[in-house]
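Colleague: My questions all concern the structure below.
The values are calculated or read from the model by the stated rules, or taken from the named source; none is laboratory data. The structure displayed is predicted, hence computed values, not measured ones. Cβ sites come from the backbone with ideal geometry, for glycine too, and all protein chains shown count toward neighbours.
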Amino acid sequence: MKHFSITTQERKGFKSDTISYSIIETTFGLCLVATADKGVVAVLFADTKKALLEDLQSRFKNSSCKEGSTKWSQSVQHYLNGIMTDTKIPLQLIGTPFQTEVWKALLEVKSGTTCDYGAIAEKIGDKKKSRAVGTAIGNNPIGYIIPCHRVLRSDGGMGGYRWGIERKKAMLDYETLKK
């Protein structure tokens, strides 16, 4: 978590007139980085610009989304490509208190390692909530940075991944090679 600063906000109270975004090329393909007033609100992956924009617009229906270089997009691009800088990337987590708790727990899963949904549920204090944890992980809006790709099924299987299993495998392989 040393590379990030975190603010949280409940989705129902979130209001931003404009979400700025840029589309960048990364090790994992096309990526959309979106920011609001307090930081990065989304890091999305897709195979086409159209799919990225549809994903962004579905997440921020009440905001105007405009393309333009975002304040933090270059820092995110460096991070995604394995270039570490001293710049802290501000993450603005927008979700329910439970979701943001799960996403913060994911930030503690070290690069090059994996865990299962039960381990995240245990980390937040309730082993019985692994299904709810899975749902929160599936709604993670800040891909790779909040490392939902590091969570596997309890049997060690890949499970699903919002941005595709091949991308999840590529992310895990990339981190293993960096170790």
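Colleague: Restricting attention to region 12-48, which residues are in contact (Cβ under 8 Å) with a residue 60 or more places away in the chain and either assigned by TED's automatic domain parsing to the domain that holds I137 or over 20 Å from R162 (Cα atoms) (or both)?
Modeller: Scanning region 12-48 gives a single hit, F14.
Colleague: Give me the pairs: first residue in region 100-121 and at positive phi and surrounded by 17 or more Cβ atoms within 10 Å (Cβ to Cβ), second residue of a type in the set (S, T, Y) and outside any helix (DSSP H, G or I), beta-carbon distance under 6 Å, and six or more apart or on different chains, which are they?
Modeller: Cβ pairs passing all conditions: none.
Colleague: Inside region 1-94, counting only strands (runs of 3 or more DSSP E) that do not spill past its ends, which hold 3 or more residues that are within 20 Å of A105 (Cα to Cα)?
Modeller: 4-9, 39-45, 89-94
Colleague: Give the residues of region 46-73 that are surrounded by 15 or more Cβ atoms within 10 Å (Cβ to Cβ), at pLDDT 85 or above and either closer than 19 Å to R11 by Cα or not hydrophobic (A, V, I, L, M, F, W, C) (or both), sorted by residue number.
Modeller: Result: D55, L56, R59, F60, S63, C65, S73.
Colleague: So which residues in region 95-127 are more than 16 Å from P147 (Cβ to Cβ), of a type outside the set (G, A, S) and not in a helix (DSSP H, G or I)?
Modeller: T96, D126
Colleague: Please state which one of S63, S75 is closer than 25 Å to Y174 by Cβ, of a type in the set (S, T, N, Q) and in contact with a strand residue (DSSP E or B) (Cβ under 6 Å, 6 or more places away or on another chain). Reasoning before the result, please.
Modeller: Numbers: S63 fails: closer than 25 Å to Y174 by Cβ.
Checking each option against the conditions leaves just S75.
Colleague: Can you tell me which residue in region 68-108 is nearest to T18 (Cα to Cα), limited to those that are of a type in the set (D, E, K, R) and in contact with a Ser or Thr (Cβ under 7 Å, 6 or more places away or on another chain)? Before the answer, list the steps.
Modeller: So the first thing to find is which residues in region 68-108 are of a type in the set (D, E, K, R), and the list is 71, 86, 88, 101, 104, 108.
From what's left, in contact with a Ser or Thr (Cβ under 7 Å, 6 or more places away or on another chain): 71, 88.
Numbers: K71: 13, K88: 22 Å.
It comes out as K71.
Colleague: Please work out if G134 is without any contact (Cβ under 8 Å) to a residue 40 or more places away in the chain and either crowded, with 16+ Cβ neighbours inside 10 Å or part of a loop (DSSP other than H, G, I, E, B) (or both).
Modeller: Yes: the conditions hold for G134.
Colleague: Can you go through V76, V43 and tell me which one is β-branched (V, I, T), under 20 Å from H149 (Cα atoms) and at pLDDT 95 or above?
Modeller: Every option except V43 fails the conditions.
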